[in-house]
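Here the structure is laid out as C-alpha cells; the discussion comes afterwards.
The numbers here are math on the coordinates, done by the rules we state, and not lab data. Fair warning: this is a prediction, and the values are worked out from it, not measured in the lab. So basically every Cβ, Gly included, is an ideal-geometry build from the backbone, and we count neighbours across all protein chains shown.
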Amino acid sequence: MDLILTLGLDALNFALAIVLVAMGLVIIFGLMNVINMAHGELFLLGAYTLVVVQQAGGGFWLGLILAPIVVGLVGLVLEELIIRHVYRRFLDTILATWGISIAIKQAVILGFGPASYTVDAPLQFGVDFLGTTYPAYRLFIMGVAVLVILLTLFVFFRTRFGLAARGVIANRSMAACLGINTRRLDRATFAFGAALAGLAGAVMAPQMSVDPQMGLGFLIPAFLAILTGGGGLTGTLLGASLVGGIDSTFAKLWSPVLAQVVVFAMAIVVIRLFPNGLLGGRGRR
C-alpha cells in the first residue's frame, strides 16, 4: 500500500511539473501560432536566476519570486526584438526560437560554465500522508502547480484579458476589427508564457541538477503531453497525467530508460489513432 501511494504521489508530482512547463507552450501557440523551441532554455533561466539570487545571499524564496519576473522580462525583450517579425511565417518561428535556444544555452555556458549547480530545498522534512512519509518540498511543488493552473484558468476565463485572448485565438482578424490590440496582447502573452517557464525552472531546481542541458529534460515531455492530450488547457492536463504517470511509474519500478521507451511508444500509438490528440477528435485511419 505504501509503495502504491508513493508511486501515485511521484506520478502526480511529475505530471504537475510537466503542466507548469507545458502551459506556457500551449498559451503561446494557441494565441500566437508560435512553437517556442526556446521554452526549455527559458525554464533553465528560471533555475539559474534562483542560483544567482542564492549565491548573492538573497535566499530561496526571494529567488522563487524573482525568477518568473526576470524570465518574463527576457521573454518580453525576445518578443520585441525577434519573435514579432516572424509571426506570419510558421516554419520561421521554429527556426528563430531554435536559434534563440542555442544562443541562451551558450550564453549560460559562457557565464556559468558547463558544470552543474545544486539548490537546497527549503522544506527538508517529511510529511505524514495517509500513513506514508512524503517529502514536504514535493508537496509544495504540487501546491504551486495547482495554484498556477487555477490562476491561469481564472485569467483566461474570468477576466477581460482572457476574453480578448480567447477572441484572438478564435479569429484574430475579427478581434482586431472589434478594437482588440492584438500586438499588445501578443507581447503580454509571450511574456506570460516565459514567466511560467521561469517559475517552473525555479520550483524544480532543488529536485534536479541545474546545468545548461536541464531544459531539454522537461521540454520533450511537455511537447508529448500537448500532442497526446490534444492541446488546450484541458488536453494538456490529460496529456501530462499520462506522460508523467507512465514515466514516473516505470522509472521507479524498472528503469528510466524503459520509462522513456514506454512514453514514446504510448505517444506514437495515441498520435497514430488520434492525430489531433485524445481531446482533439478521432482522426481517420
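With R₀ fixed at 22 Å, the C-beta to C-beta distance from residue 73 to residue 136 puts the FRET efficiency at about 0.10.
Projected label points at residue 61 and residue 258, each 7 Å from Cα along the beta carbon direction, are separated by 4.3 nanometres. 3J(HN,Hα) along region 237-250, derived from phi through the Karplus expression 6.51 cos²θ - 1.76 cosθ + 1.60 where θ = phi - 60°, amounts to 4, 5, x, 5, 5, 5, 5, x, x, 5, 4, 5, 5, 5 Hz, with x in place of Gly and Pro.
Could you tell me the relative contact order of region 2-212? Use alpha-carbon pairs under 8 Å, at least six residues apart, and round to a whole percent. Please report the intermediate quantities before stating the final value.
Numbers: 268 pairs, mean separation 90.3, N = 211.
Worked out over region 2-212, it gives 43 percent.
The charge dipole of region 2-212, taken about its Cα centre with unit charges on the Cβ atoms of Lys, Arg (+1), Asp and Glu (-1) only, comes to about 1000 debye. Summarising the amide proton neighbourhood of residue 132: residues at separation of 5 or more, or on other chains, whose placed amide H is nearer than 5 Å comprise an empty set. Length gained on full extension, residue 84 to residue 109: 6.3 nm, using 0.36 nm per residue less the C-alpha separation.
By counting other Cβ atoms within 10 Å of each Cβ, how are 83, 65, 268 ranked from fewest to most?
Working: 83 22, 65 15, 268 11.
Going from sparsest to densest Cβ surroundings: 268, 65, 83.
Under 15 Å from a point placed 7 Å out from the Cα of residue 209 along the Cα-to-Cβ direction: which residues of region 99-139 have their backbone N that close? Those under the cut-off are 113-119. Largest mean-square fluctuation among 18, 35, 94, in a Gaussian network model of the chain whose springs join Cα atoms under 10 Å apart, belongs to 94. Here each label is just a point 7 Å from Cα along the line to Cβ, and for residue 265 and residue 158 those points are 4.3 nm apart. Applying D = kT/(6 pi eta Rh) to region 39-195, where Rh is the Kirkwood radius over alpha-carbon pairs, T corresponds to 37 °C and eta to 0.692 mPa s, the Stokes-Einstein value obtained is 180 µm²/s. Comparing 81, 237, 95 in a Gaussian network model of the chain where C-alpha atoms under 10 Å apart are linked, the largest mean-square fluctuation is found at 81. For the chain, a Gaussian network of Cα nodes joined below 10 Å ranks 267, 67, 222 by mean-square fluctuation, and the top entry is 267. Note: relative contact order over region 154-285, using C-alpha pairs below 8 Å and six or more positions apart, is 15 percent.
Using the number of other C-beta atoms within 10 angstrom as an exposure proxy, rank 98, 254 with the fewest first.
Details: 98 14, 254 11.
In increasing order of surrounding Cβ atoms, one gets 254, 98.
The modelled label-to-label distance for the pair residue 95/residue 147, using points 7 Å beyond Cα in the direction of Cβ, is 4.3 nm.
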